[in-house]
Structures are given as structure tokens and as C-alpha cells.
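The values are calculated or read from the model by the stated rules, or taken from the named source; none is laboratory data. Just so it is clear, the structure is predicted and the values come from calculations on it, not from any experiment. Cβ placement follows ideal geometry from the backbone for every residue including glycine, while neighbour counts extend to all protein chains displayed. The accessibility values were calculated without ligands, DNA or RNA, using every heavy atom of the protein model including side chains. Shrake-Rupley method; radii C 1.70, N 1.55, O 1.52, S 1.80 Å.
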Amino acid sequence: MKKCLTLFLFTTQGAYLSKEGETVAVKINDEIALRRACAHTRGIVCFGQVSCSPYLMGSALRARLREFPH
């Protein structure tokens, strides 16, 4: 079965992306605006003043390395 993966593009200035459990949470003005499963995420692209937690970046890197091992 083919897995459907999503590429997220974030342009909202001041947004903060973090990993909560097995989901990616997007906070805008300290409120969660979006939450999506990490398993269905192909990539995250941020434009402007969008911040990401170090835990989310590390998790994304580990997932990418599992997908394309050395």
C-alpha cells in the first residue's frame, strides 16, 4: 500500500513548531493552531520568522536518516 505523505509550508510570522508525542504542533500566539501526525509528514518548510523546537528538528533528521541510510 502506498503511504500518502504531506509537505507543510509555513509562512505565518511568529509561528512556533514543536513535537508533542507523535505529532507536530503549530502554535500561533500561544494557541495550538494545527496538529498533525509525524508519520504522515514528508517535510516541513518555513519562510520568514517561523521557529522550530530542537526536538522537532532532531526527530525530522532521524526520520530522514532512516529513510536514506548511508
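Please indicate, with yes or no, whether at least one residue in the range 42-50 is at negative phi, within 13 Å of the chain's Cα centre (by Cα) and of a type in the set (D, E, K, R). Yes, that holds for at least one residue.
Considering Leu7, Leu65, the condition of being touching a Gly at 6+ places or on another chain (Cβ under 7 Å), free of Cβ contacts under 8 Å to residues at least 40 places away in the same chain and not in a loop (DSSP other than H, G, I, E, B) is satisfied by Leu7 alone. For the range 51-67, filtering for residues that are surrounded by 12 or more Cβ atoms within 10 Å (Cβ to Cβ) and closer than 20 Å to Lys3 by Cβ leaves 3. Any residue that is touching a residue at least 12 places away in the same chain (Cβ under 8 Å) and either of a type in the set (Val, Ile, Thr) or touching a Pro at 6+ places or on another chain (Cβ under 9 Å) (or both) - is there at least one of those in the range 33-40? Checking the range 33-40: not a single residue is touching a residue at least 12 places away in the same chain (Cβ under 8 Å) and either of a type in the set (Val, Ile, Thr) or touching a Pro at 6+ places or on another chain (Cβ under 9 Å) (or both).
The residues of the range 4-19 that are over 8 Å from the mean Cα position of the chain (by Cα) and open to solvent by less than 60 Å² (accessible area, probe 1.4 Å), listed by number, are Thr6, Phe10, Gly14, Ala15. Residues that are in contact with a Ser or Thr (Cβ under 8 Å, 6 or more places away or on another chain) and of a type in the set (Val, Ile, Thr) within the range 39-55 comprise Thr41, Val50, listed in sequence order. Considering each residue of the range 34-50 in turn, none proves to be open to solvent by less than 100 Å² (accessible area, probe 1.4 Å), modelled with pLDDT of 95 or more and in a strand (DSSP E or B). Of the residues making up the range 21-32, not one is open to solvent by 50 Å² or more (accessible area, probe 1.4 Å) and in contact (Cβ under 8 Å) with a residue 24 or more places away in the chain.
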